[in-house]
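A short worksheet on the structure shown next.
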Amino acid sequence: MPDFDKMMEELNPEMEQALKDFRFPGGHIDMLPSDYARVVLAMLDIPVHKLANNKSLIESLHVFFTLFSEFRQN
């Protein structure tokens, strides 16, 4: 999994602007929730490794929500 400290580093201004301008797909998109999660994780460069019983997806979502929580606290 990615290092949290590295993920919390300040983005360069171009990337920050691109993220502000970009819209993630909304809830109306016709796909399974697990596929939607994989799309969002891929867009954020959070890997989803192949493990049994979709545990890798859960671990990757944990990284995503932990990162989100850290950003909200700062």
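Looking only at region 45-72, how many residues end up being open to solvent by 60 Å² or more (accessible area, probe 1.4 Å), within 20 Å of GLU9 (Cα to Cα) and either touching an Asp or Glu at 6+ places or on another chain (Cβ under 6 Å) or assigned to a loop (DSSP other than H, G, I, E, B) (or both)?
Residues that pass the stated criteria total 1.
So the check is Cβ under 8 Å with 6+ separation or different chains; which pairs have a first residue in region 1-22 that's open to solvent by 80 Å² or more (accessible area, probe 1.4 Å) and a second one that's modelled with pLDDT of 70 or more and among the small types (Gly, Ala, Ser)?
Listed by first residue and then by second, the contacts come to MET1/SER60.
Yes or no: ILE29 open to solvent by less than 50 Å² (accessible area, probe 1.4 Å), of a type in the set (Val, Ile, Thr), outside any helix (DSSP H, G or I) and closer than 22 Å to ALA18 by Cβ?
Here the answer is no, as ILE29 does not meet what is asked.
The values are calculated or read from the model by the stated rules, or taken from the named source; none is laboratory data. Not measured: the values here are computed from a predicted model. All Cβ positions, even for glycine, are placed from backbone atoms using ideal geometry, and neighbour counts span all protein chains on display. What goes into the accessible areas is simple: the full protein's heavy atoms, side chains included, and nothing from ligands, DNA or RNA. Shrake-Rupley method; radii C 1.70, N 1.55, O 1.52, S 1.80 Å.
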